[in-house]
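The values are calculated or read from the model by the stated rules, or taken from the named source; none is laboratory data. Everything quoted here is computed from the prediction, not taken from an experiment. No Cβ is skipped: glycine too gets one built from the backbone with ideal geometry, and neighbour counts run over all protein chains shown. Heads up: the accessible areas ignore ligands, DNA and RNA and are worked out on the full protein's heavy atoms, side chains in. Shrake-Rupley method; radii C 1.70, N 1.55, O 1.52, S 1.80 Å.
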Amino acid sequence: MNTFDRYAPFIQDYIYQNGWENLRAVQAAAADVIFNTDENLLLTASTASGKTEAAFFPILTLFTEEMPSSVGAIYIGPLKALINDQFGRLNDLCQEAHIPVWHWHGDVSASHKNKMMKHPSGILQITPESLEAMLLRRHSAIGKLFGDLRFIVIDELHSLMRGDRGGQTLCLIERLCRLADVNPRRIGLSATIGDPEDACEFLSAGTGRRTIVPKLPQGSVRWRLSMEHFYTFPPTNPGAPTKIHNQPAEAMLPIDDALAPKTDTAPKEADPGIGYIFEHTRGKKCLVFVNSREECEAVTTTLRQYCEAKHEPDRFLIHHGNLSESYRKTAETVMKDEEQFQTTVTTATLELGIDIGRLERAFQIDAPFTVSAFLQRLGRTGRRELPPEMWFVMQEEPPEARSLLPVTIPWKLIQGIALVQLYLEERWVEPPRLDALPYSLLYHQTMSTLASCGEMTPAQLAARVLSLRYFQRVSQEDFRILLRHLLETDHIQQTEGGGLIVGLAGERVINNYKFYAVFQENEEYTVRAGSEELGTVVKPPPAGEKLAIAGHVWLVDEVDHKRHMVYCEIIKGKVPAYFGEVAGDIHTHILERMLGVLCEEKSYPYLMKNAVVRLKTARTSAENAGLKDKNLICLGGNMYCLFPWLGTYAFLALERFLKIKCGKRLGIKGLDSSRPYFMQFVMSVSEREFWEILTEELKKPIEPMSLVYPREVPIFDKYDEYLPESLVKKGFACGVLDIEGMKEKMLQLCERALAGT
């Protein structure tokens, strides 16, 4: 029997109604695994390839043959917007078969949730945070709700594989399955999995099943890519008319007059890169990706000022995590409308699989941090048989004539090329981070378990928490240290009978709705203009100052620190917006490929005119400095620059290693880093002595805790503040710093340097 014939009749009808002439390879492969095995399944296929339907067509078919007596499948999505989008699609599919589809997150009505509690059935779509809340607040109902659970589908699996949120998701699944006494099959969906073996290990943890990854036909990669480079030039005379310049710097060519602002309402510091985006989004439906919320606000504001300067209607929307739900939904709804040609400036919030219709083009300002993010963002375009299309816009301030080597390298341009080349040449994507010591999450799951289960002995609590597969690297002694600290700080209390319960300090943490999430949140203030909620900001400016949010500029009338409210009114102008810093997590392999970009003679067909010229000047600088053969460059006198080509966490380990282990012997002073690209310092030894001393120190055992500075408590994750200092330091030293990666690479560099001198 072929796959189509095996599907339930209502699914066959759905396929006919949608005009599908044949099934896609991913659908046939998924059906084969789900129908004919009892194993887990990992589906890796491009965005818009039909992965969700591929998973649910056979699941729903099995349900019609034997309907579950409880919720039969859980769909875990990383975003509320993604769940809302999938809810509509699954509802349409399931209506005829009378299989209920429920969605559950903070924006869903209580009445909808109560209906599911009374009639648990069908499919439940939920975020990790809402699943945490359900286990915590509705603990006694879990058996009834999920007693016949057969499948757990995890969408955008890659987004959960490099941090505590993924660990939380695995812990929640394991806790739920124990409470309901079930062992459902797991299905992971993703468009950007680098190493399937690592992903299978992550997906299968604790199930006792293996994970099958169907081999799908690999078509040739067809992309429309362009990468252009711009210098930004602040005006020398703020009162003079603003001119926009393109580049290269050697021949400053003015952009077409159409881009030059003609009125006083033009941006005061005209940005040629933003002007380029303004022109090339006209009459098209596009996304503009940026790497931070601050930049999202600034870019949207500038683009809207271009509209005003050109006397054009505003055609730019904004979408990021600090905006109010109404602003986000407006952008999503407008982008779905096939008749409207608008552009949305966004962070990673539109990177994942929310359906926003047919997009013609994506722009990326500067390089993203990961190959995964590049692929996800590119994959938002190119639907309906068109190839994916992305335009990179790389920007930097022009280096001064006497600038030293490191600042003459256009790091974002080089990084962007490296990201593209790594995938084209190797199909490489970042592997999951599975070797952390997740003490912050350990606190969270300990408190959640104790709050949901009630009084437990220390041994019972340890057995319940430490048996979760994600905590396999945590020792019994570490857990004892944690419990003793929580008793001392009143996060937990001991009863007369020796049992443990949640303490007063712990109650305050647990009773805050923000407890359900393990990702870091800043203290946010709600911003309002009259009755309209605009979004949230961190560290708001005082009354009388300006604030940028929702793509406009506002004058702050009042800040209510008690209620965390900011009241403002709209004005014209341009100011930066503040949401807190965004850290980059760049892999060592990307840095190594960046060195290749600088040293090879290869040309890249997607580079535009300005980018070609800028890459050529950067390669000339690199060649003149000898970067291909040297990692330590003398900048003059006893000032040096070290290019280790290490990823973020290995680079961080090297910084500390040089200061703590080698600082005195090398006579290092004024070490200043531009992570993870280079570090500059003054030293009192010769280059050869530098490498000799480094070799000696690297060959000694490095105790991770020795790379924590005296009196330093490196708070890194959300709940670190509630941990004993010893565990915070250990978690940072052993779980964050990539000491082994640093040591291996630096010994190679030492050997090469000493062989060549």
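Starting at the first residue of the range 414-425, write each ³J(HN,Hα) from the Karplus equation 6.51 cos²θ - 1.76 cosθ + 1.60 with θ = phi - 60°, in whole Hz, x for Gly and Pro.
Values per residue, Gly and Pro as x: 5, 5, x, 4, 4, 4, 5, 5, 4, 6, 5, 7 Hz.
What pairs in Lys412/Lys602; Lys572/Lys718; Lys215/Lys284; Lys115/Lys718; Lys51/Lys412 have C-alpha atoms more than 26 Å from each other?
Going by Cα-Cα distance, Lys572/Lys718; Lys215/Lys284; Lys115/Lys718; Lys51/Lys412 fall outside the 26 Å limit.
Once the Cα gyration tensor of the range 9-145 is found, what semi-axes does its equivalent ellipsoid get, as square roots of 5 times the eigenvalues, in whole Å, sorted largest first?
Each semi-axis is √(5λ); the values are 26, 16, 15 Å.
Using θ = phi - 60° and the Karplus form 6.51 cos²θ - 1.76 cosθ + 1.60, what ³J(HN,Hα) does each residue of the range 12-22 get, whole Hz, x for Gly and Pro?
Result, rounded to whole Hz: 4, 4, 4, 5, 4, 4, 8, x, 7, 7, 7.
Of the listed peptides 670-680, 506-516, what is their order by residue-averaged count of other C-beta atoms within 10 Å, with the highest listed first?
Highest mean packing first, the order is 670-680, 506-516.
Taking the alpha-carbon distance from Lys285 and a cut-off under 16 Å, which lysines remain once sequence neighbours fewer than 8 residues away in the same chain are dropped?
Once the sequence-local lysines are set aside, what remains near Lys285 is Lys336.
What order do you get for 210-217, 76-83 when each peptide is scored by the mean count of other beta carbon atoms within 10 Å, highest first?
Listed from highest to lowest mean packing, they are 76-83, 210-217.
Cut-off 13 Å, label point 7 angstrom out along Cα-to-Cβ of His112: give me the residues of the range 69-92 whose amide nitrogen falls inside.
80-92
Mean projection of the alpha-carbon convex hull of the range 310-369 over all orientations, in nm²?
5.3
Could you tell me the largest-minus-smallest coordinate of the C-alpha atoms of the range 350-492 on each of the three principal axes, in descending order and whole angstroms?
Reported extents, whole Å, longest axis first: 63, 50, 29.
For Gly506, what is the net charge nearby, where nearby means another residue's Cβ is under 14 Å from its Cβ and Lys, Arg count +1, Asp, Glu -1?
It works out to a net charge of -4.
Can you give the accessible area per residue of the range 90-164, in Å², using a 1.4 Å probe?
36
Under a 5 Å amide H to amide H cut-off, with H placed in plane at 1.01 Å, what residues pair with Met394 once short-range neighbours are removed?
For Met394, the qualifying residues are Glu228, His229, Phe230, Asp366.
Counting Lys and Arg as +1 and Asp and Glu as -1, each charge on the Cβ, what is the dipole of the chain about the Cα centre in debye, to the nearest 20?
500
Quick check: Cα centre of the range 727-757 to Cα centre of the range 333-383, how many Å?
That distance is 37 Å.
Placing +1 on the Cβ of each Lys and Arg and -1 on the Cβ of each Asp and Glu in the chain, which of Ala650, Ile74, Leu375 has its Cα farthest towards the positive end of the resulting dipole?
Farthest towards the positive end: Ala650.
Using all alpha carbons of the range 608-757, what is the percent of pairwise distances in each 10 Å bin, ordered from the shortest bin to the longest?
Calculated over all Cα pairs of the range 608-757, the distribution is 10, 36, 31, 16, 6, 0 percent.
Computed on alpha carbon atoms, what radius of gyration and Dmax characterise the range 403-562, expressed in Å?
Taking only Cα atoms of the range 403-562, I get Rg and Dmax of 23.7, 70 Å.
Can you work out the PRE-style zone for Glu592? Point 7 Å along Cα to Cβ, and I want the residues of the range 743-757 with backbone N under 14 Å.
Zone members listed by number: 743-749.
Run the helix sum for the chain: -39,500 (n - 2.57) per DSSP H stretch of 4+ residues, divided by residue count, reported at 222 nm to the nearest 500 deg cm²/dmol.
Theoretical 222 nm ellipticity from helices: -12000 deg cm²/dmol.
When the accessible area of the chain is computed with all protein chains present and a 1.4 Å probe, what percentage of it is carbon and sulfur?
50
Using 0.36 nm per residue, how much length does the chain from Lys514 to Arg752 gain when fully extended, once their Cα-Cα distance is taken away?
80.6 nm
Determine the principal axes of the Cα atoms in the chain, then give the extent along each, sorted from largest to smallest and rounded to whole angstroms.
Result, largest extent first: 75, 63, 60 Å.
At what distance in angstrom do the alpha carbon centres of the range 446-469 and the range 131-181 lie from each other?
Value for the Cα centre distance between the two parts: 16 Å.
Would you mind checking which residues have amide H under 5 Å from Gly188's amide H? H placed 1.01 Å from N; only 5 or more apart, or other chain.
HN-HN under 5 Å from Gly188: Leu41, Leu42, Leu43, Ile154.
What number do you get for the range 100-178 when its Cα radius of gyration is normalised by 2.2 N^0.38 Å, N = residues?
Taking the Cα Rg and dividing by 2.2 N^0.38 Å, one obtains 1.08.
For Lys661, go through the lysines and keep the ones whose alpha-carbon is under 24 Å away, minus same-chain ones fewer than eight residues off.
Partners within reach: Lys630, Lys669, Lys699, Lys700, Lys729, Lys730, Lys743, Lys745.
Rank by packing, highest mean first: peptides 474-485, 368-379, with packing defined as the count of other Cβ atoms within 10 Å averaged across residues.
Highest-to-lowest ranking by the protection proxy: 368-379, 474-485.
Taking a probe of 1.4 Å, how large is the accessible area per residue of the range 392-550, in Å²?
Counting only protein heavy atoms, the per-residue value for the range 392-550 is 45 Å².
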